[in-house]
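What follows is one structure encoded as structure tokens, with my remarks underneath.
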């Protein structure tokens, strides 16, 4: 019996039980972070209060719809805009992310940050399924390795639950679970021969380009036979979803943000969620990635 057949017949139930357990452990971390999620501000360095990362998203959507030229402006603008105490964070993503989450502005700030966290938590079972579908031909231990990274990323610490990256993700209302989900769905779409969808999904993840750039070799591998179509879809999505940069003076604000504060932004623990997901999948598909990239390089020379 082949390893895949053995997995599906005798071990699949155990595998999904383990995944369910990882999600339950993540729920424990979520519930531990929830009291901080519900607070508008939290304590940082030298007893200073700071707004959650989500405040930058929420006010960013408001500005995109009401005052686009100020999307990347730091601090509160006293012109009647939404005010998140003590002051909202600076928005540092591409505008495509604001379009993606714009319906959250229909809720109050407190409702929106909790809703955003809950929706991302509910993506975890789908992410576990995508991991299984992407890695099942590598064997059960490979599936478990990636599942542990994607669904929990264990790193227990006193006061931080069972996972520092996920605790920080939940308490700040960060978007790294959403980004990881989009990356996994892009890879799976490419594997299933849907290059247009694969490229569009990767294009959406470029709102924080660090992880999308790391994902490109794996994207090439999964779309090897249809890389031109996938690449066109990626480029078109990236262009269309960020068209606001060409209008309202937003582009100048974006460039100023990148060189004043964007490039110096710290690498926080929650960034490990998408990064280690892509790195682990790339390592497991190393031969396929090298072959695909070599093939593309030969076509271009």
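Of all residues in the range 183-202, those being without any contact (Cβ under 8 Å) to a residue 60 or more places away in the chain, within 22 Å of residue 272 (Cα to Cα) and either over 12 Å from the mean Cα position of the chain (by Cα) or surrounded by 24 or more Cβ atoms within 10 Å (Cβ to Cβ) (or both) number 4. None of 250, 257, 266 is at pLDDT below 95 and exposed (fewer than 14 other Cβ atoms within 10 Å of the Cβ) except 266. Against the conditions (1) in contact (Cβ under 8 Å) with a residue 24 or more places away in the chain; (2) touching a helix residue (DSSP H, G or I) at 6+ places or on another chain (Cβ under 9 Å); (3) closer than 17 Å to residue 100 by Cβ, residue 240 satisfies every one except (1). Please give the number of the condition residue 157 fails out of (1) surrounded by fewer than 24 Cβ atoms within 10 Å (Cβ to Cβ); (2) assigned to a helix (DSSP H, G or I). Among (1) surrounded by fewer than 24 Cβ atoms within 10 Å (Cβ to Cβ); (2) assigned to a helix (DSSP H, G or I), the lone unmet condition for residue 157 is (2).
Every residue, every condition in (1) surrounded by 21 or more Cβ atoms within 10 Å (Cβ to Cβ); (2) part of a loop (DSSP other than H, G, I, E, B), yes or no:
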| residue | (1), (2) |
| --- | --- |
| 62 | no, no |
| 75 | no, yes |
| 85 | no, yes |
| 91 | yes, yes |
| 99 | no, no |
| 115 | no, no |
| 120 | yes, no |
| 129 | no, no |
| 144 | no, no |
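In the range 219-227 there is at least one residue matching the filter, namely being under 16 Å from the mean Cα position of the chain (by Cα) and either touching a residue at least 40 places away in the same chain (Cβ under 8 Å) or surrounded by 24 or more Cβ atoms within 10 Å (Cβ to Cβ) (or both).
Would you mind stating whether residue 150 is in contact with a helix residue (DSSP H, G or I) (Cβ under 7 Å, 6 or more places away or on another chain), farther than 15 Å from residue 268 by Cα, at pLDDT 95 or above and part of a helix (DSSP H, G or I)? The answer is yes for residue 150.
Checking 94, 158 one by one, the residue that is without any contact (Cβ under 8 Å) to a residue 60 or more places away in the chain, out of contact with any helix residue (DSSP H, G or I) (no Cβ under 7 Å at 6 or more places or on another chain) and over 19 Å from residue 276 (Cα atoms) is 158 and no other.
Across the range 228-247, the qualifying residues are those that are surrounded by 16 or more Cβ atoms within 10 Å (Cβ to Cβ) and farther than 20 Å from residue 181 by Cα, and the one among them that is nearest to the chain's Cα centre (by Cα) is 242.
The values are calculated or read from the model by the stated rules, or taken from the named source; none is laboratory data. Note that the structure is predicted; figures quoted are calculated from it, not measured. Backbone-built Cβ (ideal geometry, glycine too); neighbour counts: all protein chains shown.
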